Amino acid sequence: MGIGSILVERGIISREQLQEALSAQTESGERLDRVLVRLGHCSQRQVLHAIGEQFAMPIVDLTEVKPDSEVLKSLPAQMVYKQNCVPIARDDGTLRIATSDPFELSAFDELRLLTGCAIELVLADEHDLHSFIRAHYGVAGDTLDALSTDFDLDAQQQRNASSSTSKHTEDQIAEDELEAAQQASVIKLVNDLLIEAIAERATDIHIEPYERSLEVRYRVDGVLYKPGVPASINRFRNAIVSRIKIMASMNIAEKRKPQDGRITLRHKGNEYDLRVSIIPMIFGEGVVMRILDKSAVLFGLPDLGMSSGVLVGWEALIEQPHGILLVTGPTGSGKSTTLYASLNQIVSEEIKAVTVEDPVEYNLHGVNQIPVNHKIGLTFAAGLRSILRHDPDVVMVGEIRDLETAETAIQASLTGHLVFSTLHTNDAPSATTRLLDMGVESYLVASSIEGVLAQRLVRRLCPECCTELPEPPAGLPRDVAGRIGASYVAEGCRECRQTGFRGRIGLFELFSIDDHTRDMIMARENASRVAQDAAKRGTLIRLIEDGIIKVGEGTTCISEVLRACKS
């Protein structure tokens with residue numbers, strides 16, 4: 001009986017769903033079980049039990065398995081990665097091997113010959129298996145094994161050659177590094193690091209050189225962690241950086257100055273844009289890559305996580321015909337995503353929108369987007385002045401960084417345009433004082449700013465392991481403890497890599513500018529006094545208030561909210 005029939009017999013899927021999956025399988029060539037999971041007809045866990053029944057194989061939970069180091073050495077890393085299986089126990093000449101793919105049974109004859117043991121196959125969850133291999137063999141462990149062998153051979157050849165030739169010149173060294181970076185194994189190593197980061201939902205990749213090691217870290221849900229790359233990667237630090245430079249169209253020979261570039265990567269039908277920054281450090285060149293999924297569906301405003309009060313207020317602001325709307329927050333707080341969602345909501349055939357961005361992160365249909373180019377003098381201010389001659393209704397400036405950009409944006413708003421932009425401030429009321437500090441006249445700030453939205457990103461509680469606490473945590477600030485209703489916590493599970501969190505959501509602070517606030521801006525009142533007055537009159541919804549709502553909904557936890565609002 002096939003896996004589809006087993007799932008139908010168990011009542012997990014219907015015959016119609018099976019037929020739909022069979023049709024999709026004919027087009028894609030995927031395995032039937034993977035098609036069923038991709039279409040959402042069943043879960044990976046249900047498929048695992050069906051496969052176990054089909055092949056009469058026991059199922060093992062790899063999160064609870066702690067194998068002996070000698071058992072792990074039974075198979076070389078290259079074989080583990082090639083066959084996607086791991087040895088977990090040995091008993092009386094029988095080696096127990098966990099796999100998530102028992103369909104290629106002929107491959108296990110190779111394992112029997114290689115180990116000289118009888119093979120007992122057990123089933124494991126595909127995600128658990130991947131995590132187990134990464135934890136015990138390291139990310140790209142097979143590639144590093146192959147590279148180490150090639151490296152040792154090349155080193156011996158170079159020693160033999162150097163005994164009869166003169167010292168390398170800088171040009172020869174650069175040529176050697178270029179050759180090393182173009183080796184198939186180095187290309188695969190860098191690709192493995194990038195694809196692993198994408199699979200882990202990382203937003204940034206950090207490659208950091210130290211005296212005796214090369215550290216690789218991924219930022220997932222705003223937190224950095226080490227993915228478990230073998231220490232032997234340190235031997236190939238120069239080749240890795242050179243390969244990244246080639247991919248980002250940088251100067252491979254330049255090691256003294258910072259360089260910036262971009263990489264376009266395709267993986268599983270999606271296109272990713274990697275913004276690359278390389279900076280020379282004391283022990284080598286450090287690399288940071290920001291990952292943007294260009295194939296991702298753009299969020300709508302309701303998808304950002306705005307509470308009802310913030311959403312209604314912000315939607316009213318973006319429907320205005322003119323004025324400036326600012327989104328503030330630190331780097332990586334989702335400001336660009338909010339601006340894109342706002343533009344996406346209001347742009348239509350009757351409205352022309354033009355943006356000037358650094359860089360253009362996502363393509364918006366119906367919006368004219370201009371990338372900043374500092375090398376030719378196309379700055380935010382210069383771009384903004386030019387696009388005003390294109391008769392736009394709505395203008396977006398990526399960031400107000402200086403007085404020239406601020407004054408140009410204000411003049412655009414005063415001549416009948418709706419202007420969106422961002423600022424780096426800790427809260428919404430500080431945006432007006434920041435513009436005053438830049439040198440903008442107070443009457444211009446008061447007459448042009450219509451509203452400010454400050455935001456932070458907090459981690460979402462994992463829905464699979466989230467549970468309600470019987471009472472709020474102890475030690476909360478008094479003004480917060482009195483407003484907390486229900487409170488939740490997540491212990492951690494396989495779905496969230498035992499962290500208790502999966503994904504992120506925004507916290508928002510909305511500051512609507514009315515006539516009373518304009519008078520305070522004209523009088524150059526400080527930001528804290530403006531904030532206190534606006535909160536009393538109901539024109540300011542504070543960040544902490546939005547956070548408390550999300551805690552009560554079970555979306556996040558109080559510790560995340562307090563961390564985001566500590567300023």
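The values are calculated or read from the model by the stated rules, or taken from the named source; none is laboratory data. This one's a predicted model, so the numbers in the text were calculated from it and none came from an experiment. Heads up, the Cβs are rebuilt from the backbone with ideal geometry, glycines too, and the neighbour counts pull from every protein chain shown. Ligands, DNA and RNA are excluded from the accessible area calculation, which covers all protein heavy atoms including side chains. Shrake-Rupley method; radii C 1.70, N 1.55, O 1.52, S 1.80 Å.
Observations on the structure shown:
- Checklist (1) among the polar types (S, T, N, Q); (2) over 24 Å from Ala564 (Cβ atoms); (3) surrounded by fewer than 17 Cβ atoms within 10 Å (Cβ to Cβ); (4) under 32 Å from the mean Cα position of the chain (by Cα) applied to Thr415, failing item: (4)
- When Leu311 is tested against (1) crowded, with 16+ Cβ neighbours inside 10 Å; (2) in contact with an Asp or Glu (Cβ under 9 Å, 6 or more places away or on another chain); (3) at pLDDT 95 or above, only condition (2) is not met.
- Test: residue in region 388-396 that is open to solvent by less than 60 Å² (accessible area, probe 1.4 Å) and either in contact with a Pro (Cβ under 9 Å, 6 or more places away or on another chain) or farther than 24 Å from Leu444 by Cα (or both): no
- Unique residue being in a helix (DSSP H, G or I), open to solvent by 50 Å² or more (accessible area, probe 1.4 Å) and not hydroxyl-bearing (Ser, Thr, Tyr) when the list is Arg434, Arg401: Arg434
- Scanning region 404-431 for residues that are among the polar types (S, T, N, Q) and assigned to a helix (DSSP H, G or I) turns up Thr405, Thr408, Gln411, Ser413, Ser430.
- Filter result for Ala199 (closer than 29 Å to Arg504 by Cα, small (Gly, Ala, Ser) and open to solvent by 50 Å² or more (accessible area, probe 1.4 Å)): yes
- Pro473 part of a loop (DSSP other than H, G, I, E, B), within 21 Å of the chain's Cα centre (by Cα) and at negative phi: no
- Qualifying position, being under 30 Å from Cys117 (Cβ atoms) and open to solvent by 40 Å² or more (accessible area, probe 1.4 Å), among Arg15, Arg31: Arg31
- Matching option when the condition is surrounded by 12 or more Cβ atoms within 10 Å (Cβ to Cβ), at pLDDT 85 or above and in contact with a helix residue (DSSP H, G or I) (Cβ under 8 Å, 6 or more places away or on another chain), among Val122, Val139, Val190: Val190
- Restricting Arg266, Arg237, Arg212, Arg217 to residues that are basic (Lys, Arg), farther than 21 Å from Val360 by Cα and out of contact with any Leu (no Cβ under 7 Å at 6 or more places or on another chain) narrows the list to Arg212.
- Of all the listed residues (Pro209, Pro227), the sole one being at pLDDT below 95, buried (at least 19 other Cβ atoms within 10 Å of the Cβ) and closer than 30 Å to His130 by Cβ is Pro227.
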